[in-house]
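**Student:** Following this message is one structure expressed as structure tokens.
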Amino acid sequence: MLEIKNVSVQFQGSKDAAISDINLSFDKGDFVCILGKSGAGKSTLIRCLNGLQKPTNGDILWNSNSLAKKNEEQLRKVRREMGMIFQHFNLVPRLSVIQNVLTGTFGYRSTFKNLIGWFTDDEINRAKKIIEDVGLIDQLDRKVEKLSGGQKQRVGIARALIQQPKVFLGDEPVSSLDPGTSNHIFNLIQEMHNRHQLLTIINVHDVNLAKRYATRLIALKDGKVIFDDSPEAFDEDKFHLTYHSTNEKLGTLPIYN
Ligand SMILES: Nc1ncnc2c1ncn2[C@@H]1O[C@H](COP(=O)(O)OP(=O)(O)O)[C@@H](O)[C@H]1O
Ligand SMILES: [Mg+2]
């Protein structure tokens, strides 16, 4: 469904590649969590998947179609099949919950309709249904800036879902939230993943959370895949390999994202 073929990204002026020669393939139904310390290349990799970041080498195949060959308009079509949620939510604070969710339909509309901000009854009804699904129906007209972090991420999830995506991408979606709220958000993601039969790929900094929800774990280090297996196979050794430099003593470092 989604394949990464020999992908490298080298930023101008950087000595080392952000990610180098990555080969991975994902199928519908996979719930993948990507681990790795800060700077490992997690964000760069996930941005390559929906065409936000162009690989320096290699290609992404989406249902066997090369992203490298697509123009911006074609990439926009791919992007609307991939709903994304972010660490800092990327919402419009002064707009209401439903207005933010409706912005998720923009990939399907003409620029003119987006400019005048007019939505069809069908779009509004779908937005309400999804807002109900994420547990915010009583907050429909509330400005997003008044919501808690967990509620904001529920809006982020609803905005991604209104695109009717086939892939759900998350770039550290719970890193700004407390542990209890993070669990609720992951529960919701899992529920939506199952209900809509998605492929879900999420960057996570909390190993325990990743192990609890993922069906497959991938660890990146210095831009390379160093682990790709079941969550059960991610043991102490793999943990140290992922989060510590090779020459560091084992056992004392906390996890930074
Ligand atoms: N826009 C950019 N320009 C230059 N270097 C970048 C850019 N984005 C990321 N990098 C570098 O690429 C590497 C991987 O970064 P990133 O993908 O953000 O890692 P992570 O999300 O795992 O923290 C880091 O060394 C980072 O400094
Ligand atoms: Mg990142």
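Taken together, the values in this text are just the output of simple stated rules run on the coordinates, not laboratory data. These numbers come from a predicted model, not from an experiment. Every residue, glycine among them, receives a Cβ derived from its backbone with ideal geometry; neighbour counts consider all protein chains shown.
**Student:** Taking 0.36 nm per residue of separation and subtracting the Cα-Cα distance, what length does fully extending Val92 through Phe11 add?
**Tutor:** Full extension from Val92 to Phe11 adds 26.2 nm.
**Student:** So, one more: Sorted from largest down, give the three principal axis spans of the alpha carbons of the stretch 90-164, whole angstrom values.
**Tutor:** Projected onto its principal axes, the Cα set of the stretch 90-164 covers 33, 22, 17 Å.
**Student:** I've got another one for you. Between Asp237 and Ser175, what is the label-point separation in nm under the 7 Å Cα-to-beta-carbon projection?
**Tutor:** So the label points at Ser175 and Asp237 sit 2.9 nm apart.
**Student:** Per 0.36 nm of contour for each residue apart, how much would the distance between His196 and Ala68 grow if the chain were fully extended, relative to their Cα-Cα spacing?
**Tutor:** Once the chain is fully extended between His196 and Ala68, it gains 43.3 nm.
**Student:** Which value in deg cm²/dmol, rounded to the nearest 500, describes the helix-derived mean residue ellipticity at 222 nm for the chain, given -39,500 (n - 2.57) per DSSP H run of n ≥ 4 and division by the residue count?
**Tutor:** When only DSSP H runs of four or more count, the value is -10000 deg cm²/dmol.
**Student:** Calculate the FRET efficiency for Lys77 and Asn57 from the Cβ-Cβ distance with a Förster distance of 41 Å, rounded to the nearest 0.05.
**Tutor:** 0.95
**Student:** Running Debye on the chain with equal point scatterers at the Cα sites and no solvent, what base-10 log of I(q)/I(0) appears at q = 0.10, 0.13 Å⁻¹?
**Tutor:** Each listed q maps to, in turn, -0.51, -0.85.
**Student:** Please state, rounded to one decimal and in Å, the Kirkwood hydrodynamic radius that the stretch 1-81 gives when every pair of distinct Cα atoms enters the mean of 1/r.
**Tutor:** Across the stretch 1-81, the inverse of the average 1/r is 13.2 Å.
**Student:** Can you compute the label reach from Thr215? Point 7 Å from Cα along the Cβ direction, backbone N cut-off under 12 Å, restricted to the stretch 20-55.
**Tutor:** It comes to 26-33, nothing else.
**Student:** Next question. Between Arg47 and Asp138, what length comes free when the chain is fully extended (0.36 nm per residue of separation minus the Cα-Cα distance, one decimal in nm)?
**Tutor:** Length gained between Arg47 and Asp138: 29.4 nm.
**Student:** On a C-alpha basis, how far is the centre of the stretch 2-70 from the centre of the stretch 157-219 in Å? Whole number, if you could?
**Tutor:** Each part's Cα centre sits 18 Å from the other's.
**Student:** Return a whole-number percent for the relative contact order of the chain, with Cα pairs under 8 Å and 6 or more residues apart as the contact set. Walk me through the intermediate numbers first.
**Tutor:** Details: 475 pairs, mean separation 70.3, N = 257.
Computed value for the chain: 27 percent relative contact order.
**Student:** Would you be so kind as to identify all helices of the chain, as entire DSSP H runs, whose Cα atoms reach 15 Å or more along the helix's own axis and whose mean Kyte-Doolittle hydropathy is at least -1.0? Intermediate values should be presented prior to the final figure.
**Tutor:** Values: long enough: 121-133 (18 Å, -1.38); 149-161 (18 Å, -0.38); 179-195 (24 Å, -0.85).
Those that pass (Cα extent of 15 Å or more, hydropathy at least -1.0) are 149-161, 179-195.
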